[in-house]
Every structure is written in structure tokens, then in C-alpha cells.
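Report on the structure given below.
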Amino acid sequence: MSRVYNFSAGPAVMPEEVLREAADEMLDYQGTGMSVMEMSHRSKAFEKIINEAEQDLRDLMQIPDNYKVLFMQGGAHLQFAAIPMNLMKNKVADYIITGQWAKKAFKEAQIYGKANAIASSEDETFSYIPDCSDLPVSPDADYVYICENNTIYGTKFHTLPNTKGKTLVSDISSCFLSEPVDVSKYGLVYGGVQKNVGPAGMAIVIIREDLITEDVLPYTPTYMKYKIHADANSLYNTPNCYCIYMCGKVFKWLKKQGGLEVMKARNEEKAKVLYDFLDSSKLFKGTVRKEDRSIMNVPFVTGDKDLDAKFIKEATEAGFVNLKGHRTVGGMRASIYNAMPIEGVRALVEFMKKFEEEN
Ligand code: PMP
């Protein structure tokens, strides 16, 4: 068996230890005589899996007691709709457009109410985070929405926007559990899990209890009401049991590593290896304003499309895979989530140095 260094933006590399454990338990989960895939979501064994997963996530993120944790299907995309459907009481929301995912969420919200784009960095291909210290927040806005880490463009909000008292809603799909967060600063924080947490197809929504009400837009499908999931402890319907089980394993792995402070230090160290090289290279350069750089997704270019393609091809042959930038921006992107070891980043930099010498 040979594992590659997988720099995919998502679905992405998982901790090897977690995969091995899941493999060991595939045919017989802890003496139940069956796989978690074959197990009723109402069984005692699964109840323990989901309860522990929630508690471990609460411990890791220090989620306050007045927040609910919801395991929902449909990835992040379903939340683009669920958020306005559940939170738009005045039918007004403000969006900060820092990339394609924020824009998609904004466009979806426009279907349900008056969504305003109050800031954007589209003028420079989303290569920076706009100044959000004094934005024209709408007086009747139900919430202000951000995408905190922009997977495609490699930017991150290092300071949260001044929402002028309005509820902050944040998509943390690509920085989930990469560093500590103060959940109390948000009304709702959510992420698709397929980057730092588990397999694709699910979102975890962390929502303050007072935002969970019956008062949702009239045509909101039952499945998309937060109250339905909160009241049923995420077991309203048959959930993505196997995904929850895998997320739970990753939470336990994170706790074993020492928690989110440790992950932050590790992730910063990893990102520094790559950014330091990009800043000194004569061939490769980063595409993002320095102060807004993400420590999870690192886009870079040579400035020559053919050379980019040559690099991606040779890197793939050498076992550094999924380095192609998103189709909307081109170039390269290394996603270096929690499960990417520093050895992988160091090896990539060595490979880039060699490529630079030869080209
Ligand atoms: N938000 C962000 C920040 C993302 O990176 C992605 C996926 N790459 C999405 C939303 C969409 O996620 P999903 O495909 O799970 O709907």
C-alpha cells in the first residue's frame, strides 16, 4: 500500500490512524457483529456514537450550553438555503462577498428575501478580505453573513466583522477545528465536514438556542427547520450515520493530539513552511494579500500557465496530488488541513525547490 500526499481542498486527507481504526471496525463494530453502516440509527450503539461525537465537539470548541449542535445532511449548500429560511424574520440579511461560496450563499438568500452585499473583494479576484470595521449594516438585517475561510482563494477573516450588534452567521467549512474559536461571538456557525472533519455529505450547525424558533419562512421544508433537528437531537430522520461515526473518530483524534490550541500551532507551523518558501521563491508566488492569508488553503502560481501545468503533472507523478487550483482561478492550491502532516508540506517545498532549479 502506498499513500500519497493529498492536498485536495475537499473531500480531503483524513488522519491515517482514524482510517485504520475504521477499517478494523468495518465488519464488527465493538462486538455488535455488524458495521456502523448496517446499524439502526435508533440502536444503543449508535446513540452512544452520536452522543459522544456531540460531546467531544462541544469539548473541543468549548461550545456554550445555550448552543445546539445539529448534524444535518446536504453539506454546506443546503445551509445556504436553510439559513435564510430559518433566520430571515424581517426578510433582510447582509452578506460579505469574499469568494464563490459567500456569493453562492448570497444568491440563494436572494430567493427568500432582501439580501444585500455590503462588502466585496471581487474587484481583485477575492485575493483579500475587505475592511469590515464600519460597514453599512442594514438597520433591519436579521443577520450578517460571512464565509470565514475562503477555500478557493486562500483568504481568512483574522478579525471578525463589526456587525453593529446584528447576529453573525459564519461558514467555517474549510477552517473547522483548525484553531480555537469563540462560539459566543456567532449566532450560527456551520460547516460542511469534508475538509477537516470527515467524509462528505453532511454539515454541522452550531446555533444559539434563541435563534431556533417555529417562526420560519412559510414554505420551509420540514427537513430544513432547525427546530425539527434540535428537538430530535439530530435524529429526526435517518442521519448520515457512518459520516457521524467518522466525524466522532476525528474529534477523538483531535482531543488526543491536545485540542485546538495544539492544532493551531501545528497548522501555523505548516503554513509558515510553505509561505516562507513562496516569499523567497523566484518562480512561485502566493496570490493572497499577506495579512489575509489562510493557514488551510494556500494558492500559488508561477505566472505561466504552461509551467503551472508542467508542475502539477510532475508533482502528481512524484506523489503530491490534487494541487491543481480551482477551475475559476487556475494555478495551484495546496490544502493543508489538520490531517496533513508537516512532513508532507516539507516534502512539497523540497519538490518545489527542485522544480524551480530545473525550470
Ligand atoms: N463553503 C465552503 C467554504 C466550501 O469550501 C465549500 C466546498 N468546497 C462549500 C461551502 C460547499 O460545500 P458542499 O459541497 O458540502 O455543499
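Among the residues of segment 86-97, those that are surrounded by fewer than 22 Cβ atoms within 10 Å (Cβ to Cβ) and under 18 Å from Arg208 (Cα atoms) comprise Met88, Lys89.
Here is a yes/no grid of residues against (1) of a type outside the set (Lys, Arg); (2) outside any strand (DSSP E or B):
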| residue | (1), (2) |
| --- | --- |
| Asn162 | yes, yes |
| Gly165 | yes, yes |
| Ser170 | yes, no |
| Gly191 | yes, no |
| Asn196 | yes, yes |
| Ala203 | yes, no |
| Lys227 | no, yes |
| Leu235 | yes, yes |
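Candidates are the residues of segment 299-339 that are assigned to a helix (DSSP H, G or I) and among the aliphatic types (A, V, I, L, M); the one that is nearest to Lys282 (Cα to Cα) is Leu307. Residues of segment 136-160 that are within 14 Å of Ser121 (Cα to Cα) and away from the ligand (no atom under 16 Å from the Cβ): none at all.
For (1) of a type in the set (Asp, Glu); (2) under 18 Å from Thr155 (Cα atoms), each residue gets a yes or a no:
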{"site": "Tyr275", "(1), (2)": "no, yes"}
{"site": "Thr287", "(1), (2)": "no, yes"}
{"site": "Asp292", "(1), (2)": "yes, yes"}
{"site": "Thr316", "(1), (2)": "no, no"}
{"site": "Gly319", "(1), (2)": "no, no"}
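Every test in (1) crowded, with 21+ Cβ neighbours inside 10 Å; (2) under 23 Å from the mean Cα position of the chain (by Cα) is passed by Asp142 save one, and that test is (2). Can you find a residue that is modelled with pLDDT of 95 or more, among the hydroxyl-bearing types (Ser, Thr, Tyr), more than 19 Å from Leu57 (Cβ to Cβ) and touching a His at 6+ places or on another chain (Cβ under 9 Å) anywhere in segment 201-220? No, segment 201-220 contains no residue that is modelled with pLDDT of 95 or more, among the hydroxyl-bearing types (Ser, Thr, Tyr), more than 19 Å from Leu57 (Cβ to Cβ) and touching a His at 6+ places or on another chain (Cβ under 9 Å). Here the helices (runs of 4 or more DSSP H) wholly within segment 26-135 that include at least 3 residues being within 16 Å of the ligand (Cβ to nearest atom) and at pLDDT 95 or above are 75-87, 100-112.
Scanning segment 174-195 for residues that are closer than 16 Å to Pro64 by Cα and of a type in the set (Ser, Thr, Tyr) returns Ser184, Tyr186, Tyr190.
For the subset of segment 295-319 comprising residues that are hydrophobic (A, V, I, L, M, F, W, C) and within 30 Å of Glu148 (Cβ to Cβ), which member is surrounded by the most Cβ atoms within 10 Å (Cβ to Cβ)? The extreme case among them is Met296. Scoring Val349 on the criteria (1) surrounded by fewer than 21 Cβ atoms within 10 Å (Cβ to Cβ); (2) of a type in the set (A, V, I, L, M); (3) without any contact (Cβ under 8 Å) to a residue 60 or more places away in the chain leaves a single failure, condition (3). Residue check: is Thr155 in contact (Cβ under 8 Å) with a residue 40 or more places away in the chain, over 18 Å from the mean Cα position of the chain (by Cα) and over 17 Å from Val92 (Cβ atoms)? The answer is no for Thr155.
Looking at segment 79-91, I want the residues that are farther than 15 Å from Ile207 by Cα and have a partner that is in a helix (DSSP H, G or I) and within 16 Å of the ligand (Cβ to nearest atom) with Cβ atoms under 8 Å, at least 6 apart or on another chain. Which pairs are those? What qualifies is Ala81/Glu108; Ala81/Met224.
The values are calculated or read from the model by the stated rules, or taken from the named source; none is laboratory data. Quantities reported herein were computed from a predicted structural model and do not represent experimental measurements. Heads up, the Cβs are rebuilt from the backbone with ideal geometry, glycines too, and the neighbour counts pull from every protein chain shown.
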